[in-house]
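*Asks:* Quick one: structure below, then a few questions.
FYI, it's all coordinate maths here, none of it is from the lab. Small disclaimer: the values here were computed from a predicted structure and weren't measured. All Cβ positions, glycine included, derive from the backbone under ideal geometry; neighbour counts span all protein chains shown.
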Amino acid sequence: MDAIVLAGGFGTRLRPWTLSVPKPLVPLLDTTLIEHSMRIIPRSLVNRVIIAAGYEAEQIRSYFTNLDAGVEVVIVEEKEPLGTGGAIANCLAAVRGNRFLVLNGDLITTVDIRKMIAQHERDNRLATISLWPVENPNRFGVADFDSPNRSIKRFQEKPDPGKEYSNLINAGCYLLEREVIDQMPDGPHSIEREVFPSIAKSGNMGGFCYTGRFIDAGTPSSYLDAMRTAISDGSFYRGKVLGTTWSMSDGVDSSTADYSAIGQGCTIGQNTVVKSSAILDGASIGSNCHIERCLIGKGAEIGDNVRMIDQVVAFN
């Protein structure tokens, strides 16, 4: 089976970092955001990953050309923004077989793809999507889920409190049959808004419910959530954990940084405290600073006596 990873967005909410690298290649601990997303793909069932790339596609192509990803990686470039549905349609010529997996390239999740595939095959659906429960569904699109039949009857976008069909939201992983192309309009479109509702109405949409992790790491705050999750889960190959902080730099201890990630070759001055922040390779922070909930780019330089909260600092 092939998998399509949707990675064509501009990553505007992570600017200015994404002015230097496309969002899929934003560093997360010792690898990249898209590599963390791809870790849920079972290599025994999926032997090829097709990355739907748009913004800075050549950077993504170059990165994976020089990387042993443990699976064949193919880059399919979109020349203009196509939306999720258009991006999937643009990749279909490269897809082998009649069934394929789709996942968002900024998703940190614990969904069990093996079990999802087994359910999809058993129920013989045109599409199956992952569903995740939330406490407050009013900020999301929710699914009207028929639990005994594991089917989705319809969708509801940002329902008013008390009028929700359920508390189950679309969690960004899809299993699709090739025939789904027959439901797709030409040109750019959203598969979630323009295709899935009609499939659900026809009775051909399955839902796979799971609990555990679900983080859409496309904003500074959710990126930091993903960072902390990766540290607590041990999702890294290099570096070490000191208390609650992951680090690849010398001279960092639990009294300096708390719930943070410190890249390689970073320096942190005396009496400086870093809390819930990501400090990328080569960045330097002066003395007597307070850095909290910040994203500090590669090679950035922060002077002495700086108090910085909820900021994103560009690469230097």
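*Asks:* The list [x] 0.96; [y] 1.00; [z] 1.03 gives values of Rg/Rh (Cα atoms, Kirkwood Rh), and only one came from this structure; which label was calculated from it?
*Replies:* Looking at Rg/Rh (Cα atoms, Kirkwood Rh) for this model, the match is [y].
*Asks:* Sticking with this structure for a sec: Provide Cys209, Cys266 in ascending order of the number of other Cβ atoms located within 10 Å of each residue's Cβ, fewest first.
*Replies:* Details: Cys209 18, Cys266 26.
The order, fewest Cβ neighbours first, is Cys209, Cys266.
*Asks:* A follow-up question, please. Using the 10 angstrom Cβ neighbour count as an exposure proxy, how do Val49, Val274, Val134 rank, fewest first?
*Replies:* Values: Val49 23, Val274 26, Val134 16.
Fewest-to-most Cβ neighbours within 10 Å comes out as Val134, Val49, Val274.
*Asks:* Compute the separation of the alpha-carbon centres of region 225-303 and region 50-65 and state it in Å as a whole number.
*Replies:* 28
*Asks:* Sticking with this structure for a sec: Figure the gain on full extension for Asp258 and Glu135 (residue separation times 0.36 nm, minus the Cα-Cα span) and round it to one decimal in nm. Before the final figure, lay out each step's value.
*Replies:* Values: separation 123, 0.36 × 123 = 44.28 nm, distance 2.79 nm.
Length gained, Asp258 through Glu135: 41.5 nm.
*Asks:* What ranking do Ser20, Ser190, Ser276, Ser147 get, fewest neighbouring Cβ atoms within 10 angstrom at the top? Kindly include the intermediate steps, with their values, before the conclusion.
*Replies:* Numbers: Ser20 17, Ser190 13, Ser276 21, Ser147 10.
Listing Ser20, Ser190, Ser276, Ser147 from fewest to most nearby Cβ atoms yields Ser147, Ser190, Ser20, Ser276.
*Asks:* If the only charges are +1 at each Lys and Arg Cβ and -1 at each Asp and Glu Cβ, what is the size of the charge dipole of the chain around the Cα centre, to the nearest 20 debye?
*Replies:* On the way: 31 positive and 37 negative charges, 105 e Å.
Computed about the Cα centre, the dipole is about 500 debye.
*Asks:* Let me ask you something else. What FRET efficiency do you get for Glu77 and Arg178 if R0 is 30 Å and r is their Cβ-Cβ distance, rounded to the nearest 0.05? Present the calculation step by step, with values, prior to reporting the outcome.
*Replies:* Numbers: r = 21 Å, r/R0 = 0.71.
Efficiency for this residue pair is about 0.90.
*Asks:* Treat every Asp and Glu Cβ in region 238-313 as -1 and every Lys and Arg Cβ as +1, leave all other atoms uncharged, and give the resulting dipole magnitude about the Cα centre to the nearest 20 debye.
*Replies:* Details: 6 positive and 8 negative charges, 35 e Å.
That gives region 238-313 a dipole magnitude of about 160 debye.
*Asks:* Please name whichever of Pro220, Thr244, Tyr63 sits farthest to the positive end of the charge dipole of the chain, dipole taken about the Cα centre and charges placed at Cβ: Lys and Arg +1, Asp and Glu -1.
*Replies:* Thr244
*Asks:* Below 8 Å between Cα atoms, with a sequence gap of 6+, how large is the relative contact order for the chain in percent? The partial results should precede the final answer.
*Replies:* Details: 741 pairs, mean separation 50.6, N = 316.
Relative contact order here is 16 percent.
*Asks:* Can I ask one more? Output the 0 to 90 degree angle, nearest 10, between the alpha-carbon long axis of helix 220-233 and the longest principal axis computed from the alpha carbons of the chain.
*Replies:* Once rounded, one gets 90 degrees.
*Asks:* Going by average Cβ density within 10 Å per residue, which order do the peptides 291-298, 93-100 take, highest to lowest?
*Replies:* On the way: 291-298: 22.2, 93-100: 13.6.
Packing proxy ranking, top to bottom: 291-298, 93-100.
*Asks:* Same structure again: Does anything in region 190-226 have its amide N under 16 Å from the 7 Å Cα→Cβ label point of Lys115, and if so which residues?
*Replies:* Under 16 Å, as judged by backbone N against the label point of Lys115, lie 207-214 of region 190-226.
*Asks:* For the residue pair Asn149 and Arg15, what label-to-label distance in nm results when each label sits 7 Å from Cα along the Cα-to-beta-carbon direction?
*Replies:* Reported label-point gap for Asn149 and Arg15 is 4.6 nm.
*Asks:* Related question: What's the Kirkwood radius of region 238-313 in Å, using all Cα pairs? Don't skip to the answer; put the middle values down first.
*Replies:* Details: mean 1/r = 0.0862 Å⁻¹.
Taking every pair of different Cα atoms in region 238-313, averaging 1/r and inverting gives 11.6 Å.
*Asks:* Continuing with this model, one more query. Any number yet on Rg/Rh for region 57-146, C-alpha, Kirkwood?
*Replies:* 0.99
*Asks:* Could you calculate the FRET efficiency of Ala94 with Gln311 from 1/(1 + (r/R0)^6), where r is the beta carbon distance between them and R0 is 25 Å, rounded to 0.05?
*Replies:* On the way: r = 40 Å, r/R0 = 1.59.
Calculated value: 0.05.
*Asks:* Where both residues lie in region 1-90, what percent of DSSP beta bridges are antiparallel, nearest 5?
*Replies:* Values: 2 of 14 bridges.
In region 1-90, DSSP labels about 15 percent of beta bridges as antiparallel.
*Asks:* Compute the angle between helix 113-123 and the longest alpha-carbon principal axis of the chain, please, reported from 0 to 90 degrees and rounded to the nearest 10.
*Replies:* With both axes taken from Cα atoms, the answer is about 10 degrees.
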